[in-house]
1. Taking the options 126, 48, 141, name whichever one is closer than 23 Å to residue 168 by Cα and out of contact with any strand residue (DSSP E or B) (no Cβ under 8 Å at 6 or more places or on another chain).
2. From the list 295, 313, exactly one residue is within 26 Å of residue 8 (Cα to Cα), in contact (Cβ under 8 Å) with a residue 12 or more places away in the chain, over 24 Å from the mean Cα position of the chain (by Cα) and not assigned by TED's automatic domain parsing to the domain that holds residue 191. Which is it?
3. Taking the condition over 22 Å from residue 245 (Cβ atoms), touching a strand residue (DSSP E or B) at 6+ places or on another chain (Cβ under 7 Å) and not in a strand (DSSP E or B), does residue 307 pass?
4. Sort through 115, 107 and tell me the only one that's in a loop (DSSP other than H, G, I, E, B), surrounded by 16 or more Cβ atoms within 10 Å (Cβ to Cβ) and modelled with pLDDT under 95.
5. Determine, yes or no, whether residue 222 is under 20 Å from residue 64 (Cβ atoms), in contact with a helix residue (DSSP H, G or I) (Cβ under 8 Å, 6 or more places away or on another chain) and either buried (at least 24 other Cβ atoms within 10 Å of the Cβ) or not assigned by TED's automatic domain parsing to the domain that holds residue 326 (or both).
6. Exactly one of (1) buried (at least 22 other Cβ atoms within 10 Å of the Cβ); (2) touching a helix residue (DSSP H, G or I) at 6+ places or on another chain (Cβ under 7 Å); (3) touching a residue at least 60 places away in the same chain (Cβ under 8 Å) is unmet by residue 212. Its number?
7. What do you reckon, is residue 79 surrounded by fewer than 16 Cβ atoms within 10 Å (Cβ to Cβ), assigned by TED's automatic domain parsing to the domain that holds residue 174, out of contact with any strand residue (DSSP E or B) (no Cβ under 7 Å at 6 or more places or on another chain) and at pLDDT 95 or above?
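The values are calculated or read from the model by the stated rules, or taken from the named source; none is laboratory data. In this text the structure is predicted, and so the values were computed from the model without any measurement. So basically every Cβ, Gly included, is an ideal-geometry build from the backbone, and we count neighbours across all protein chains shown.
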């Protein structure tokens, strides 16, 4: 029996799910953002301007899908600017016309104040920096029909006590290109790993957090590849909700299958394939002569047996990270024990 851990669909669609325009503090208009991303092979962009949820149905066409969204922030205002901790959440609407949001009139993000009158919300409120408030906003945003992602924890100066108690997240950024390019080590695979071990069944994102064109590498540095049946809003949201995608800064995953207990991967040429779990079970496959890998196989049977024998079925998962010869990564989601047996 073969389980396709990544869906077999006609086409995977390239997506950036964290984008800013002149509606908030970006430098390009939504139309210009669309043009730049389409020129780089993208079919999906989530427009997540700060604090304002603005749909862009006028940008939709056969080969391009705009997703409605916004980015919300919670700041420790009592700290000096460069010491200030923050929670940032990208909220992506499950339906294109949904523009509900929690709104803090004290922070409107660049030009966002121009759109304040169009905001649909439960009522004005001031958001503080607290785990309790963030979890309340996540719960309310989920209830209003959004997918909620946790953004750039390294740039946000987040520590274990800040993120360990987060609840109700759909995804988190394992890589944020903007933060990485301005000097932060926003490769957050280790935080994703920690949050998985805490029981969060959620998904990894690589995003641009695009604000401006400043040299080529500020755009198209991190993306996800979405295995949707077709390029329309319901199909793409369905694929995002179920984790039918992988994140990447370079490598391509062609297929990921489980045949019995043997995990089989096909991919673009990579230097290394690592398999992580919640336990000390882990492995890496690479050719020490420098030859690139395009296929890899791992027998999970000993690990699955160990986890079952020790009553760890509810905690156990595997996930993969691929590293190419340039140091670029691809990340799969975690596949849990009950999905592997």
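1. Answer to the selection: 126.
2. Matching residue, one of 295, 313: 295.
3. No.
4. The unique qualifying residue is 107.
5. Yes.
6. Looking at each condition in turn, residue 212 falls short on (1).
7. No: the conditions fail for residue 79.
Conditions tested, residue by residue: (1) surrounded by fewer than 22 Cβ atoms within 10 Å (Cβ to Cβ); (2) part of a loop (DSSP other than H, G, I, E, B).
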| position | (1), (2) |
| --- | --- |
| 129 | yes, yes |
| 139 | yes, no |
| 157 | yes, yes |
| 172 | no, no |
| 193 | yes, no |
